Amino acid sequence: MAALTRLVKPSFASHSPISYLNRCLYSSITSESNSHAASAYTPHLGAKPNLSVKDPKDRNVQWVFLGSPGVGKGTYASRLSNLLGVPHIATGDLVREELAASGPLSRQLSEIVNQGKLVSDEIIINLLSKRLEAGEAKGELGFILDGFPRTMRQAEILEGVTDIDLVLNLKLREDVLLEKCLGRRTCSQCGGNFNVATINVKGSNGSPAISMAPLLPPQHCMSKLITRADDTEEVIKHRIDIYNEKSRPVEEFYRSRGKLLEFDLPGGIPESWPKLLEVLDLDDYKEQQSAAA
Ligand SMILES: Nc1ncnc2c1ncn2[C@@H]1O[C@H](COP(=O)(O)OP(=O)(O)O)[C@@H](O)[C@H]1O
């Protein structure tokens, strides 16, 4: 992770970022006012996300994806991760890996996740720390975080240990989010993510009509498709409510620091991906890459 020491601001560079993350967490738990974590970062009020460096190789790719459940954070973060050659780290995947491992944490986690609740900041930071440590050992540089931070406390802790240079906020109407989540499927064998929903919603109250074609799996995955246990209508609605309560303030946190880039998805991948590359100034980069391939 940017040799992980780069994750840490210079004054903390001599300490392990893993232990620093955990120390921050510990101090924010023990401090009534949360003042330590909050004072560890310098606000960047009024700044704009720096997208002026054309070649992504010269960019500091330490990005965060925000957005409600089902908006497509995983899809676009993973595409950008392939394009830019930086790891895509999704805390939801880390939680699901822990669930699948059936370790001591697994039963506790499955109850929380299946009810659509958030896992505690302590557990999430520990899972993320372990993932960062493994990445550091492999010499990973940069990151695209998906699903973290999701609470103000997580955002403050992250801001205290690293410089996030861009936060992408993906947006879609709530009725579309629900349909998209209900259509999500994963192949139990190859792990591929698909969507069987055909979305056609009319424009209403000033929001435009949206159409999205399904993202169907290849024939050999068809019989192996599974649905996430937390993708039932009741749990999805609860997760969207929790996002609005706990994670909307995180959008404001980054907005006030000039790091937030809002992106209203115009439709499915064919419509949204080229537009996203355009707003990120990556459209030329994509062409260079395919010309070189
Ligand atoms: N940063 C986080 N903080 C707390 N809980 C998390 C976090 N990231 C993931 N989780 C847990 O994992 C579940 C699945 O996360 P994710 O795959 O990101 O789902 P979503 O479709 O809601 O974006 C969440 O509902 C939550 O229980």
Reported set for region 123-160 where residues are β-branched (Val, Ile, Thr) and open to solvent by less than 10 Å² (accessible area, probe 1.4 Å) is 125, 144, 157
Out of the residues in region 139-163 meeting the condition of being more than 14 Å from the ligand (Cβ to nearest atom) and out of contact with any Pro (no Cβ under 9 Å at 6 or more places or on another chain), tell me which one is nearest to residue 262 (Cα to Cα).
163
One residue is enough: does region 90-101 have a residue meeting the conditions part of a loop (DSSP other than H, G, I, E, B) and under 23 Å from residue 192 (Cβ atoms)?
yes
Scan of region 216-231 for residues that are of a type in the set (A, V, I, L, M, F, W, C) and away from the ligand (no atom under 16 Å from the Cβ), ordered by number:
216, 221, 222, 225
Could you tell me which of the residues 94, 99, 118 is open to solvent by less than 50 Å² (accessible area, probe 1.4 Å) and either basic (Lys, Arg) or modelled with pLDDT of 95 or more (or both)?
94
Per the list (1) touching a residue at least 24 places away in the same chain (Cβ under 8 Å); (2) crowded, with 18+ Cβ neighbours inside 10 Å; (3) more than 27 Å from residue 107 (Cα to Cα); (4) within 16 Å of the ligand (Cβ to nearest atom), residue check on residue 195 breaks on (1)
Check residue 187 against each of (1) of a type outside the set (Gly, Ala, Ser); (2) within 22 Å of residue 66 (Cα to Cα); (3) surrounded by 15 or more Cβ atoms within 10 Å (Cβ to Cβ) and name the one condition it does not meet.
(2)
If you check residue 171 against the conditions, is it more than 30 Å from residue 266 (Cβ to Cβ) and either more than 12 Å from the ligand (Cβ to nearest atom) or open to solvent by 20 Å² or more (accessible area, probe 1.4 Å) (or both)?
no
Filtered residues of region 205-218 (kept if of a type in the set (S, T, N, Q) and in contact with a helix residue (DSSP H, G or I) (Cβ under 9 Å, 6 or more places away or on another chain)):
211
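For residues that are assigned to a helix (DSSP H, G or I) and of a type in the set (A, V, I, L, M), scanning just region 102-115, find the one that is least open to solvent (accessible area, probe 1.4 Å).
Filtering region 102-115 for residues that are assigned to a helix (DSSP H, G or I) and of a type in the set (A, V, I, L, M), the one least open to solvent (accessible area, probe 1.4 Å) comes out as 109.
The values are calculated or read from the model by the stated rules, or taken from the named source; none is laboratory data. All values derive from a computational prediction rather than experimental measurement. Please note: Cβ atoms are built from the backbone with ideal geometry, for glycine as well, and neighbour counts cover all protein chains shown. For accessibility, only protein heavy atoms count, side chains too; no ligands or nucleic acids. Shrake-Rupley method; radii C 1.70, N 1.55, O 1.52, S 1.80 Å.
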